[in-house]
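Below: the structure, in structure tokens.
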Amino acid sequence: MKIDRLIGILSVLLQEEKTTAPELAEQFVVSKRTINRDIEALCLAGIPIETTQGVGGGIRIMSGYRMDRTILTSRDMQMILAGLRSLDSVSGSRYYGQLMEKIQTGSSEFVSGRDSILIDLSSWYRDTLAPKIETIQSAIENRRLLSFRYYGPTGESDRVIEPYYVVFKWSSWYVWGWCTKREDFRMFKLNRMDRVLETGETFAARSVPTLDLSTETIFPKNIRVKALFTQDVKWRLVEEYGPNCFTETEDGKLLFTTDYTDIENLVTWILTFGDQAELLEPPEARERIAQIVRNMTTVYEEKSEL
């Protein structure tokens, strides 16, 4: 992509005193004519580049502009590379790795020291996640509809959407787009998607509203929760909700209070604590847990009789 090459060329010029069009052409695997056009584009963007012909000539940023090396400091470059490396961890191709190589070219002294931030966005689902992300990105770039089978709490269904964003939030990947079935914008979790295909049908981009990724907007918290936990699971409460989410009672238990978004998800979460948690409120969720426990008791009692 041209923008990647321009960034790479600018990086080389910031790190080296001088280079030549043939050297850049070989490095970026393009023609000398393409490099000349790229240099013109950088000049039009306001970068003062000068070229000289003959022996000892070449391409360089004008000497009076040397202070602009600080446009990208070593710390800046480390942050850029950390971001690219994180994306590379879920990429199914060498795209981000190649982009890092372009940016790092000729900057071994500029990018010094050990990496201080390491971000790995991959998961147990890497083998299936990377192809989905690639397919969705391609559909977004080509403005093509995306089809998939979706598995949600209320069942499974076939969906077709106009994809606009790939989103990483709440430790998971999502795609956000216009759902043709619901006729509204929706967020879909990639791990719940199957048979993800970029269709041959294109769509005209809508006037897309600014995507507000705040938890309160997407998952409004309108259920007041109160529960008691044992000391053994304090670490989980701190990890998931912070050290101020509970108070200690006189008998040493942890009184937990928060606002929640969905009864079913609340019930599922409380059940993961087993007998180390007791849900006090809301009453409908407490009754749901009691019913589940009664059903489980029946199932396991029947099994033990066999």
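Since every read-out is calculated from the coordinates, none of them should be taken as a lab result. Predicted model, so just to flag it, every value in this text is computed and none were measured. Note that each Cβ is placed from the backbone with ideal geometry, even for glycine, and that neighbours are counted across all protein chains shown.
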Original post:
Over segment 158-306, what number does the Rg to Rh ratio reach, with both radii from the alpha-carbon atoms and Rh per Kirkwood?
Top reply: 1.09
Original post:
So how do MET187, MET193 line up by other beta-carbon neighbours within 10 Å, fewest first?
Top reply: MET187, MET193
Original post:
With Rg and the Kirkwood Rh both taken from Cα atoms, where does Rg over Rh land for segment 126-212?
Top reply: 0.92
Original post:
What FRET efficiency would be calculated for the residue pair SER171, SER63, taking the C-beta separation as r and a Förster radius of 41 Å, to the nearest 0.05?
Top reply: 0.25
**OP:** Would you mind ranking ILE7, ILE47, ILE59 so that the residue whose beta carbon has the fewest other beta carbons within 10 Å leads the list?
**Re:** ILE7, ILE47, ILE59
Original post:
In vacuo Debye scattering of segment 219-305, one point per C-alpha: log10 I(q)/I(0) at q = 0.17, 0.22, 0.25 Å⁻¹?
Top reply: -0.73, -1.09, -1.30
Original post:
Once the Cβ-Cβ distance between ARG149 and SER214 is put in as r, and R0 is 30 Å, what FRET efficiency do you end up with, to the nearest 0.05?
Top reply: 0.55
Original post:
Structure shown: which of LYS189/LYS226; LYS132/LYS181; LYS189/LYS221 lie over 25 Å apart, alpha-carbon to alpha-carbon?
Top reply: LYS189/LYS226
**OP:** Obtain the nm distance between the two label points defined at LYS18 and ASP275 by a simple spin-label model: each point lies 7 Å from its Cα along the Cα-to-C-beta direction.
**Re:** 8.2
Original post:
Quick one: length gained pulling VAL30 to ALA45 fully straight, 0.36 nm per residue minus the C-alpha distance?
Top reply: 3.3 nm
**OP:** Obtain the nm distance between the two label points defined at GLN291 and MET187 by a simple spin-label model: each point lies 7 Å from its Cα along the Cα-to-C-beta direction.
**Re:** 2.8
Original post:
Using the 10 angstrom Cβ neighbour count as an exposure proxy, how do ARG294, ARG143 rank, fewest first?
Top reply: ARG294, ARG143
